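Participant: Here it is: the structure, laid out below.
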Amino acid sequence: MVPFYITPLNERWRKPLAEKIDNLTKPKGSLGRLEELALQLGMIQQSLSPELSNPTNIVFCADHGIVDEGVSFSPKEVTYQQLFHFLRGGAGISFVCQQHHFTLQVVDMGVDYNFPADLAPTAPMVEYYSHKVRMGTDNYLYRPAMTHQEMDQCLIAGAAQVDICHEKGCNIVSFGELGMANTSSSSIWMHLFANIPLVECVGAGSGLPTEGIRHKYQVLQQAVDNYHGDRSAEDLIAYFGGLEMVAAIGGMLRAAELHMAIIVDGFIMTACVLAAAQLHPHVLDYCIFGHCGDESGHKRMLDALGAKPILNLGLRLGEGSGAVCAYPIIQSAVAMINHMDSFANASVTKYF
């Protein structure tokens, strides 16, 4: 398996950061979550004055064999159609990236479509990359979604995308996904890695009605029952994962390795963090959870991780949209620790 070397946050930074935050001109703890975020970012960057630079949202795209079982409201062709949409700048993730000045990386990991060799974005601050491993995964109702070698290819590709943005000065990154039926893989990972009953992990995805959700659960339960691997994290990731989801795991692990902050998006990306933490638990130290989405089970999974999401807006688009929407709150935390006066500088009596 691809090696990553992730260190826990250095605890020697906690006390000086807390002292700086506590001595700003406010009652202790009165800026709540902003104080927690500033402390976390300072510990990630090992600095009393953390900064945010060149934020990037990486959307990994791929198709899933399990879609053939009718577990998705959206047909498979939506994957390649939406990828074109990203490059033209008209998708949901596009306007929030433009609004908050994120670079958008769009990465083909395994879309079941032959894109032209000269495919290029027409929208500003959008980049396109292809690391196509195969034309979508196998149907894990009957066989593993991918081989362990293909899983490694995805991990390496995801890490490489983070290297690209890091070399351009990015120190905070979010991840998104595109792939019809990827809530199915997420539900299974949630079930297996968080030990939550599968029926509580399965939701509507892109819009399944009640009967569709029931069918989706039955298919996924059968897939889990058919599995006869060694139940290691690596095998479960390869057996039930999506190519784009495993690439996101690789990106998250590499970002943590580089001491970058990771903004975690919705249900699917939270499932990827959950899976990544089975391999390297300290990846969670570097994660800021952007929002609690509207997909069934997302709150349960966040609770299992002990995560405190910034927003709760009923989002379930994916693509990294909730993570990017949370970015201004993170900016406020950085502005607080860097620009708010201390009691001593402001000649204000410390009143708590």
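Participant: Exactly one of these conditions fails for PRO27: (1) within 20 Å of the chain's Cα centre (by Cα); (2) modelled with pLDDT under 95. Give me its number.
Facilitator: Answer for PRO27: the failing condition is (1).
Participant: List the pairs whose first member sits in the range 213-239 and is of a type in the set (Asp, Glu), whose second member is in a helix (DSSP H, G or I), and whose Cβ atoms are under 8 Å apart, counting only residues at least 6 apart or on separate chains?
Facilitator: Note: pairs meeting the criteria are GLU234/HIS148; GLU234/MET151; GLU234/LEU279; ASP235/HIS148.
Participant: Then there is this: Evaluate the range 159-167: report whether one residue or more is buried (at least 20 other Cβ atoms within 10 Å of the Cβ) and either among the charged types (D, E, K, R) or in a loop (DSSP other than H, G, I, E, B) (or both).
Facilitator: No: zero hits.
Participant: Same structure, new question: Can you tell me which residue within the range 1-29, out of those that are in contact (Cβ under 8 Å) with a residue 40 or more places away in the chain and among the aromatic types (Phe, Trp, Tyr), is nearest to PRO50 (Cα to Cα)?
Facilitator: TYR5
Participant: Continuing with this model, one more query. Look through ALA256, ALA346 and report the one residue that is small (Gly, Ala, Ser), in contact (Cβ under 8 Å) with a residue 24 or more places away in the chain, farther than 23 Å from VAL67 by Cα and buried (at least 17 other Cβ atoms within 10 Å of the Cβ). Before the answer, list the steps.
Facilitator: Working: ALA346 fails: buried (at least 17 other Cβ atoms within 10 Å of the Cβ).
So the residue among ALA256, ALA346 that is small (Gly, Ala, Ser), in contact (Cβ under 8 Å) with a residue 24 or more places away in the chain, farther than 23 Å from VAL67 by Cα and buried (at least 17 other Cβ atoms within 10 Å of the Cβ) is ALA256.
Participant: Return the residue satisfying two criteria in turn: it lies in the range 286-306 and is crowded, with 19+ Cβ neighbours inside 10 Å and out of contact with any Gly (no Cβ under 7 Å at 6 or more places or on another chain), and of such residues it is nearest to VAL199 (Cα to Cα).
Facilitator: MET301
Participant: Among the residues of the range 264-276 satisfying the criterion of being touching a residue at least 60 places away in the same chain (Cβ under 8 Å) and of a type in the set (A, V, I, L, M, F, W, C), which is surrounded by the fewest Cβ atoms within 10 Å (Cβ to Cβ)?
Facilitator: LEU274
Participant: Follow-up question, since we're still on this one. Return the residues of the range 202-228 that are farther than 20 Å from SER74 by Cβ and β-branched (Val, Ile, Thr); say none if nothing qualifies.
Facilitator: Filtering the range 202-228 down to residues farther than 20 Å from SER74 by Cβ leaves 221-222, 224-228.
Residue satisfying the conditions is VAL224 alone.
Participant: If you don't mind, there's one more thing I want to ask. I need a count of the residues in the range 49-77 that are surrounded by fewer than 19 Cβ atoms within 10 Å (Cβ to Cβ) and touching a residue at least 40 places away in the same chain (Cβ under 8 Å). Outline the logic, then answer.
Facilitator: Filtering the range 49-77 down to residues surrounded by fewer than 19 Cβ atoms within 10 Å (Cβ to Cβ) leaves 49, 51-54, 68, 70, 73-75, 77.
If we keep only those that are touching a residue at least 40 places away in the same chain (Cβ under 8 Å) too, we end up with 49, 51-54, 68, 70, 73-75.
The number of residues fulfilling the criteria is 10.
The values are calculated or read from the model by the stated rules, or taken from the named source; none is laboratory data. Since the model is a prediction, treat every value here as computed from it, not as a measurement. Please note: Cβ atoms are built from the backbone with ideal geometry, for glycine as well, and neighbour counts cover all protein chains shown.
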